[in-house]
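The values are calculated or read from the model by the stated rules, or taken from the named source; none is laboratory data. These numbers were taken from a predicted model, which means no experiment stands behind them. When we count neighbours, we look across all protein chains shown, and the Cβ atoms used for this are built from the backbone with ideal geometry, even at glycine. SASA here: full protein model, heavy atoms, side chains in, ligands and nucleic acids out. Shrake-Rupley method; radii C 1.70, N 1.55, O 1.52, S 1.80 Å.
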Amino acid sequence: LKPKEGRVSDAAPPAAAPPSEAMADDELQEVRDNFYVGNFQKALQLCESTPASNDVAQNELNAILARCCLSIPLVDRLKAMSNSESPGQKAAALMAMITKSKNEQAVASAKEKLADLSAKSHDMSCAMLHAICLAMDGSYHDAAQLTKAHPTNEMTSLRIFLYLSCNQFSMAEKALKDMSSGDDSAALRLATAAVKLATGDPEEAYLTYCDLSSQYPPGDGEDAESGSVQLQTGKALANMMRGMHGEAMEDLQRAFAVAPKDPDVLVNMAACSTHLGKRDDFKKHYADLERVCPTHPYIVKTQSISTAFTRFKASLTA
């Protein structure tokens, strides 16, 4: 599957947030890292048990807890956050509405409220979710610009993923070089692995995903190989790029056992089945993806191609 076509400008960013808005210091690094590698349940537990030493740290902790609820998801807890005093929690509740609701008016209203909250609060978590929302709608330029208002490695990592989504590999590499040297955060390492995949170094990306899986197991006492669904999928992508499709399918099967309805897992299982020449398996995984996520870009694109061929065939017999 190719990344979405598009261009992202590297023009001057909006004014940066004041230092008080930067992410809390390393007291929350374990929480942050577990969240970014995809250990959402573990990160949630850490959020609930980790004391914050100041208001800035508490604000970030509240926001990460909300995003864990968004990722798991825990709908009832997110609904309760609609009236939270924490901007990050309000933003997560709005994001749940945007991604889950089938009411177009409700979704449009939630998008407006999220944009307003991001602009007025100058909160980094709000800005991050707003940038993701903009990217989902195809506004990659605006999304990338929004990340520049908060000069943290986490926001720079998001910008790197936005650049990669638009096939802007050189811009992604430049942004990666600009990140804090010596930083060992999961966000930086994930961004590095993504750039390595995009620029033809799947071996290095695979090693990074393996290291992260060993360092951040989903639960206490679990085998080092049992990385999160996100990390197992990353390993599978790297293995497919290395031509090791059997190993890639093993990675995906481990992820599938934990998250059988995850669209990223299903679409890559379909792709891997094609490389392995397993047509029946491809059909099964494609059907599963179509049922779970009928608006997935791969489903939409393949169905449009099928429709075009059907119209062409009909024109020949008309």
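Working only within region 108-158, note down all residues that are acidic (Asp, Glu) and either under 13 Å from residue 63 (Cβ atoms) or in contact with a Phe, Trp or Tyr (Cβ under 7 Å, 6 or more places away or on another chain) (or both).
Across region 108-158, the qualifying residues are 123, 154.
Would you mind finding the one in 60, 48 that is under 26 Å from residue 231 (Cβ atoms), surrounded by fewer than 17 Cβ atoms within 10 Å (Cβ to Cβ) and in contact with a Leu (Cβ under 9 Å, 6 or more places away or on another chain)?
48
Considering each residue of region 115-134, count those that are closer than 17 Å to residue 154 by Cα and among the charged types (D, E, K, R), and give that number.
Total satisfying the criteria: 1.
Listed here are the residues, each with its yes/no results for (1) buried (at least 24 other Cβ atoms within 10 Å of the Cβ); (2) of a type in the set (Lys, Arg); (3) more than 22 Å from residue 293 (Cα to Cα).
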{"position": "56", "(1), (2), (3)": "no, no, yes"}
{"position": "105", "(1), (2), (3)": "no, no, no"}
{"position": "110", "(1), (2), (3)": "no, no, no"}
{"position": "115", "(1), (2), (3)": "no, no, yes"}
{"position": "126", "(1), (2), (3)": "yes, no, yes"}
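I'd like the full set of residues that are of a type in the set (Gly, Ala, Ser) and not in a loop (DSSP other than H, G, I, E, B), limited to region 265-301.
Answer for region 265-301, where residues must be of a type in the set (Gly, Ala, Ser) and not in a loop (DSSP other than H, G, I, E, B): 270, 271, 273, 287.
Yes or no: residue 260 under 22 Å from residue 44 (Cβ atoms), at pLDDT 95 or above and not in a helix (DSSP H, G or I)? Don't jump to the end; show me each part of the working.
Numbers: under 22 Å from residue 44 (Cβ atoms): yes; at pLDDT 95 or above: yes; not in a helix (DSSP H, G or I): yes.
Judged against the criteria, residue 260 is a match.
I want to confirm something. Restricting to region 209-242 and keeping residues that are over 25 Å from residue 276 (Cβ atoms) and part of a helix (DSSP H, G or I), which single residue is least open to solvent (accessible area, probe 1.4 Å)?
212
Quick test of your reading of the structure: residue 193 fulfils all but one of (1) small (Gly, Ala, Ser); (2) in contact with a helix residue (DSSP H, G or I) (Cβ under 7 Å, 6 or more places away or on another chain); (3) more than 17 Å from residue 157 (Cβ to Cβ). Name the failing condition by number.
(3)
Name the pairs: first residue in region 138-152 and closer than 15 Å to residue 179 by Cβ and outside any helix (DSSP H, G or I), second residue open to solvent by less than 20 Å² (accessible area, probe 1.4 Å) and not charged (D, E, K, R), Cβ to Cβ under 6 Å, at least 6 apart or on different chains?
Close Cβ pairs (under 6 Å, with a partner that is open to solvent by less than 20 Å² (accessible area, probe 1.4 Å) and not charged (D, E, K, R)) amount to 150/124; 150/127.
Which of the residues spanning region 107-125 are more than 15 Å from the chain's Cα centre (by Cα), in a helix (DSSP H, G or I) and touching a residue at least 60 places away in the same chain (Cβ under 8 Å)?
124
Go through 173, 247 for me and flag whichever is surrounded by fewer than 20 Cβ atoms within 10 Å (Cβ to Cβ), among the charged types (D, E, K, R), more than 20 Å from the chain's Cα centre (by Cα) and part of a helix (DSSP H, G or I).
On the way: 173 fails: more than 20 Å from the chain's Cα centre (by Cα).
Unique residue meeting the criteria: 247.
Mind checking which pairs have a first residue in region 225-246 that is more than 14 Å from residue 215 (Cβ to Cβ) and free of Cβ contacts under 8 Å to residues at least 40 places away in the same chain and a second that is of a type outside the set (Phe, Trp, Tyr) and open to solvent by 10 Å² or more (accessible area, probe 1.4 Å), Cβ under 6 Å, 6 or more apart or different chains?
Partner pairs satisfying both residue conditions: 232/254; 233/264; 236/268; 239/247; 245/275; 245/276.
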